[in-house]
Every structure is written in C-alpha cells, then in structure tokens.
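Dropping a structure here in structure tokens format, bear with me for questions.
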Amino acid sequence: MEKPVKVGLLGLGVVGTGVLEILSDHQNKIEKSIGCPLAVTKALIRPTEDKAAIAEKYDLQLVHELSDIIEDPEIDIVVEVMGRIEPAKTFIAEALKAGKHVVTANKDLLAQHGSELASLAHEQKRNLYYEASVAGGIPILRTIANSLAADDITEVLGIVNGTTNYMLTKMVTEQMSYDVALKQAQELGFAESDPTNDVDGIDAAYKMVILSKFAFGMTITMDQVKVKGIRGLASEDVSMADSLGYTVKLIGSTKKTGDSISAEVGPVLVPNTHPLASIHNEFNAVFVKSSGIGESMYYGPGAGARPTATSIVADLMTIVNKIQLGTLGHRFSEYTQPTKLTAPEESFSKYFLSLEMPDETGQFLQLAEIMANAGVGFEQVVQGKSDGKKARVVVITHQLSETMLATIKKEIAEKTNFDLLASMKVMEG
Ligand SMILES: NC(=O)c1ccc[n+]([C@@H]2O[C@H](COP(=O)([O-])OP(=O)(O)OC[C@H]3O[C@@H](n4cnc5c(N)ncnc54)[C@H](OP(=O)(O)O)[C@@H]3O)[C@@H](O)[C@H]2O)c1
C-alpha cells in the first residue's frame with residue numbers, strides 16, 4: 001500500500017465531521033479503490049470552538065491559522081466546509097496558490113465566484129471539485145459532466161432545496177399554512193432561524209448557476225436567474241392547484257431554447273403524474289431532459305452530514321486518482337460555450353393565475369377580454385369560495401410568453417378591480 005494522501009479540513013461543523021466519519025467508516029473500500037489511505041491530519045477551527053473530542057477520536061490536529069495547513073508540505077488536498085463567501089474565498093485561493101488541490105461544498109461561493117476560482121485552479125495546475133455543492137448527496141454534477149458528456153441536454157429541472165420542499169409537502173398533504181410549515185421546518189432543523197436564502201429561492205438559484213455551467217457550458221450570474229421564492233404562498237392556491245391535478249413545488253430550472261438559455265427558480269404547478277410531484281419532504285431530485293437519453297431523474301438526500309460528506313470524499317478520491325495519473329489542472333466540467341440568454345418574448349409557458357374579483361356579474365368577462373386582446377386562451381377556470389363580496393378565481397392559461405404575461409398583469413392592474421394574488425408557471429406533463 002502506498003503512503004497516505006493527507007487532507008486538511010477548513011471548518012469542523014456538520015459536514016466537516018461527516019467527512020471524518022465517512023473516511024473512517026469506509027476506510028477499507030476507499031483504500032482499495034485508490035490504492036492508498038486518505039487521512040485528514042489537520043482541521044482549522046475557530047479558537048472559540050471546542051472540538052477536542054472529535055480531534056481525539058479521529059486522530060487529527062486542530063489549528064487556528066490557515067498557514068498551518070497550506071504551508072504543511074505533507075498535505076495535498078484542502079477541503080473547505082466553513083461556508084459563506086469570506087474568508088472561504090480567500091482561503092481557497094491561498095490553498096490553490098500554495099499548490100493544494102481543493103474540494104468544497106460551498107454553493108454560495110461557487111455560484112458567485114466559481115469561474116474565478118476554477119481559472120485560478122487551472123492556472124495553478126490544481127484541481128477544484130465541488131460535487132456536494134448541488135443537491136448534497138446526489139451525484140448530479142459528475143453525472144452531467146461525465147455520463148451525459150455525449151448527450152445534448154435541453155433542460156435541467158430540479159427540486160434542489162430541501163427546506164422549501166419539506167414546507168410545500170406539509171402545505172399540500174396536511175393543508176398547513178406557510179407560517180406553520182416554516183415553524184415546523186425550523187423546529188426540525190431543516191430551516192435556519194433566518195430562512196431567507198431558502199424561502200426566497202436564493203439557495204436554489206445558486207445551484208441553477210452551477211447546473212447551467214455543467215449542462216450548457218454557459219457562465220451565468222446570479223442576477224441573470226429569475227428568482228421567486230415561496231414566501232407567503234397561500235394555502236388556498238396550493239389547494240386550488242391540488243384540485244386541478246397539480247402539486248406546487250419550488251422548481252429550479254435551466255433550459256435551452258435554440259442557442260440561448262434561461263435559468264429560473266419559482267413555485268411551479270407540477271402535474272401529479274410527473275415524477276417531480278412525488279418528491280416529498282426534505283428530499284431533492286434533478287430531472288434532466290436530453291436528446292440522447294430522453295428523460296432521466298436523479299433522486300436522493302439533498303443535504304445532511306453523511307450524504308454531503310460522501311460526495312466530498314468521492315471528490316477527494318477523484319483527485320487522488322488524478323495525482324496518481326499526473327492529469328492535473330483540468331476543470332470539473334471542461335464544456336464551455338459563449339453565454340446567450342433567452343429573450344422574454346421567446347420564453348413560453350402555461351401559467352396559473354389566482355385572482356380575487358368582486359362577486360358581481362360581468363367581472364369574469366373583463367378578464368376574458370384582457371386575455372383575448374393578448375391572444376391567450378384559458379385551459380381551465382375554477383371559481384373558489386365567495387364571501388358574497390369577493391370571489392377567488394383561478395385560471396390556467398394556454399402557452400404564453402413572459403412578455404405577454406407582463407402585458408396581461410399590467411392590464412389587470414390598470415383596467416380592473418381585481419387583485420392578482422399569485423402567478424405561477426405550469427409544467428407540461
Ligand atoms: N449541512 C448540509 O447538509 C450541507 C449540504 C450541502 C452543502 N453544504 C455546505 O457545506 C458547508 C458547510 O456546511 P455545514 O452545514 O457543515 O456548516 P456548519 O455546521 O455551520 O459548519 C461550518 C463550521 O465552520 C466554522 N467556521 C466558519 N468560519 C470559520 C473560520 N473562518 N475559521 C474556522 N472555522 C470557521 C463554523 O464555525 P462557527 O459556527 O463558529 O461559524 C462551523 O463550525 C457550507 O458551504 C454549506 O453550504 C452543507
């Protein structure tokens with residue numbers, strides 16, 4: 001057996017501890033697969049943290065300075081699992097410059113500075129891997145970069161945020177309100193005390209930036225992703241969607257139209273017959289449409305110490321293989337294309353519109369007229385309960401462009417007394 005490849009950990013929280021656990025529990029298989037032991041020898045923690053018991057259990061040295069890790073000639077690979085942008089970005093850059101390979105699970109950082117860090121790794125002839133940054137334990141990046149390398153991907157759709165999927169599952173199956181579902185998710189540890197990144201769709205948008213790069217070779221920025229979350233989603237709309245045969249899910253998507261792409265995150269009505277409708281609770285799934293394979297779906301835990309750590313350790317093993325073969329400095333995904341975004345007038349979907357209108361005759365005619373003027377027909381119309389003064393009406397439209405939707409919304413605001421309570425895309429079956 002060859003001498004061990006040594007690893008330095010930056011951060012010893014949930015995922016960092018999971019990495020130690022997976023390396024220890026699966027040690028035998030890992031050694032046999034890569035031909036040498038993989039050992040974490042040092043971990044960077046804050047001076048205020050007490051991690052002595054973990055250090056003793058896994059026989060590692062705790063340090064408080066980055067230099068203790070990146071200046072250690074014995075350490076080949078650094079794993080960043082601290083989270084947030086800084087100091088993680090600087091630490092990864094310093095590690096690469098010091099000749100270390102890097103594995104990270106940090107989607108926030110990769111979505112915002114991934115290209116810069118990948119270029120630095122390439123220049124330094126070092127590897128940067130980040131499978132765990134999208135959908136935790138689901139090996140989706142490697143699947144797209146390797147297994148689907150020969151395929152022409154047309155769309156990647158996913159439930160890539162476990163917190164919101166847990167909340168929506170409760171809202172659909174137990175008719176919980178948004179607030180109660182959020183509180184329960186927080187109590188169970190699925191949602192953080194500040195749930196902004198999850199409920200406002202930001203976390204899912206980070207993943208769409210990374211997936212757009214892997215699926216289409218295009219580098220997009222966060223402000224090029226159209227992001228809408230589920231904050232304040234009304235349980236009435238979730239129930240109305242249910243009665244029409246749909247399940248509301250927070251869907252991240254990146255889609256190719258011709259030679260351009262559009263990426264977005266938002267609540268979407270998924271037909272109950274679609275595989276994504278059956279993804280419940282905190283689970284994640286990524287659905288890929290491609291011309292070779294057709295449709296394929298990748299399902300599993302999107303977070304958690306062991307699933308996330310398993311992806312990280314697989315990245316470590318990939319890097320060890322590359323060190324042994326001397327094939328260093330290649331990007332995780334080498335596919336690169338000029339970025340082109342789809343214009344709003346070329347982006348089509350069916351929509352669910354939920355409106356509150358005075359419960360008087362002739363009101364619905366106004367809506368029909370606005371829709372007819374925009375050249376859009378209804379596929380389904382349902383009137384909900386009326387309190388005698390106002391009635392909730394939901395419609396599902398035929399296909400319309402984002403520009404047409406904007407015109408309809410403007411006309412409703414200017415020419416009627418209706419309140420447009422919600423508009424959501426409707427996925428084709
Ligand atoms: N948890 C998951 O299931 C999951 C899934 C996929 C990806 N990820 C990603 O994995 C990363 C780690 O997540 P996690 O859940 O393990 O977070 P965590 O439990 O909060 O662990 C991060 C640890 O790093 C420490 N840390 C932060 N800044 C540091 C610094 N400058 N020096 C030394 N230590 C520092 C933190 O200490 P303090 O608490 O004192 O700040 C904490 O102990 C994040 O990028 C996250 O997005 C997590």
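The values are calculated or read from the model by the stated rules, or taken from the named source; none is laboratory data. Just so it is clear, the model here is predicted, and its values are computed rather than measured. Please note: Cβ atoms are built from the backbone with ideal geometry, for glycine as well, and neighbour counts cover all protein chains shown.
Scan (1) near the ligand (Cβ under 9 Å from one of its atoms); (2) surrounded by 11 or more Cβ atoms within 10 Å (Cβ to Cβ); (3) farther than 15 Å from residue 7 by Cα; (4) of a type in the set (Val, Ile, Thr) for the single condition residue 90 breaks and write down its number.
For residue 90, the failing item is (1).
Condition test on residue 184, is it without any contact (Cβ under 8 Å) to a residue 40 or more places away in the chain and not β-branched (Val, Ile, Thr)?
yes
Exactly one condition in (1) on the phi < 0 side of the Ramachandran plot; (2) touching a strand residue (DSSP E or B) at 6+ places or on another chain (Cβ under 8 Å) is false for residue 135; which is it?
For residue 135, the exception is condition (1).
Can I ask one more? How many residues does the stretch 96-122 hold that are out of contact with any Phe, Trp or Tyr (no Cβ under 7 Å at 6 or more places or on another chain) and free of Cβ contacts under 8 Å to residues at least 40 places away in the same chain?
12
Something else about it: Among residues belonging to the stretch 312-357 that are polar (S, T, N, Q) and more than 16 Å from residue 259 (Cα to Cα), point out the one that is surrounded by the fewest Cβ atoms within 10 Å (Cβ to Cβ).
Once the filter is applied, the top-ranked residue is 327.
Select, from 426, 382, the only residue that is surrounded by 16 or more Cβ atoms within 10 Å (Cβ to Cβ) and either under 19 Å from residue 244 (Cβ atoms) or among the basic types (Lys, Arg) (or both).
426
Could you say whether any residue in the stretch 10-28 is within 18 Å of residue 127 (Cα to Cα) and either surrounded by 12 or more Cβ atoms within 10 Å (Cβ to Cβ) or polar (S, T, N, Q) (or both)?
yes
What residue, of 426, 394, 381, is without any contact (Cβ under 8 Å) to a residue 40 or more places away in the chain and in contact with a strand residue (DSSP E or B) (Cβ under 6 Å, 6 or more places away or on another chain)?
Exactly one of 426, 394, 381 is without any contact (Cβ under 8 Å) to a residue 40 or more places away in the chain and in contact with a strand residue (DSSP E or B) (Cβ under 6 Å, 6 or more places away or on another chain), namely 381.
Scan the stretch 306-331 for residues that are modelled with pLDDT of 95 or more and either among the small types (Gly, Ala, Ser) or in contact with a Leu (Cβ under 8 Å, 6 or more places away or on another chain) (or both) and report the count.
8
So for the stretch 148-166 (the condition being farther than 30 Å from residue 269 by Cα and either surrounded by fewer than 18 Cβ atoms within 10 Å (Cβ to Cβ) or under 17 Å from the mean Cα position of the chain (by Cα) (or both)), does at least one residue qualify?
Yes, the stretch 148-166 contains at least one residue that is farther than 30 Å from residue 269 by Cα and either surrounded by fewer than 18 Cβ atoms within 10 Å (Cβ to Cβ) or under 17 Å from the mean Cα position of the chain (by Cα) (or both).
Let's see how each residue does on (1) more than 16 Å from the ligand (Cβ to nearest atom); (2) modelled with pLDDT under 95; (3) of a type in the set (Gly, Ala, Ser):
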{"site": "48", "(1), (2), (3)": "no, no, no"}
{"site": "55", "(1), (2), (3)": "no, no, yes"}
{"site": "78", "(1), (2), (3)": "no, no, no"}
{"site": "94", "(1), (2), (3)": "no, no, no"}
{"site": "125", "(1), (2), (3)": "yes, no, no"}
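Inspect the stretch 26-42 for any residue being charged (D, E, K, R), at pLDDT 95 or above, within 10 Å of the ligand (Cβ to nearest atom) and not in a loop (DSSP other than H, G, I, E, B) and give the result as yes or no.
Scanning the stretch 26-42, I find no residue that is charged (D, E, K, R), at pLDDT 95 or above, within 10 Å of the ligand (Cβ to nearest atom) and not in a loop (DSSP other than H, G, I, E, B), so the answer is no.
Just for the stretch 1-17: of the residues that are over 17 Å from residue 77 (Cα atoms) and within 27 Å of the chain's Cα centre (by Cα), which one is nearest to the ligand (Cβ to nearest atom)?
Per the stated criteria, the residue is 13.
Out of 226, 213, report the one residue that is of a type outside the set (A, V, I, L, M, F, W, C) and either part of a strand (DSSP E or B) or over 16 Å from residue 252 (Cα atoms) (or both). Write out each step before concluding.
Details: 213 fails: either part of a strand (DSSP E or B) or over 16 Å from residue 252 (Cα atoms) (or both).
Checking each option against the conditions leaves just 226.
Still on this structure: Looking only at the stretch 344-375, how many residues end up being β-branched (Val, Ile, Thr) and either part of a helix (DSSP H, G or I) or closer than 15 Å to residue 398 by Cα (or both)?
The number of residues fulfilling the criteria is 1.
Hey, another quick one. Assuming residue 141 fulfils every condition listed in (1) free of Cβ contacts under 8 Å to residues at least 24 places away in the same chain; (2) within 16 Å of the ligand (Cβ to nearest atom) apart from one, which condition is it?
(1)
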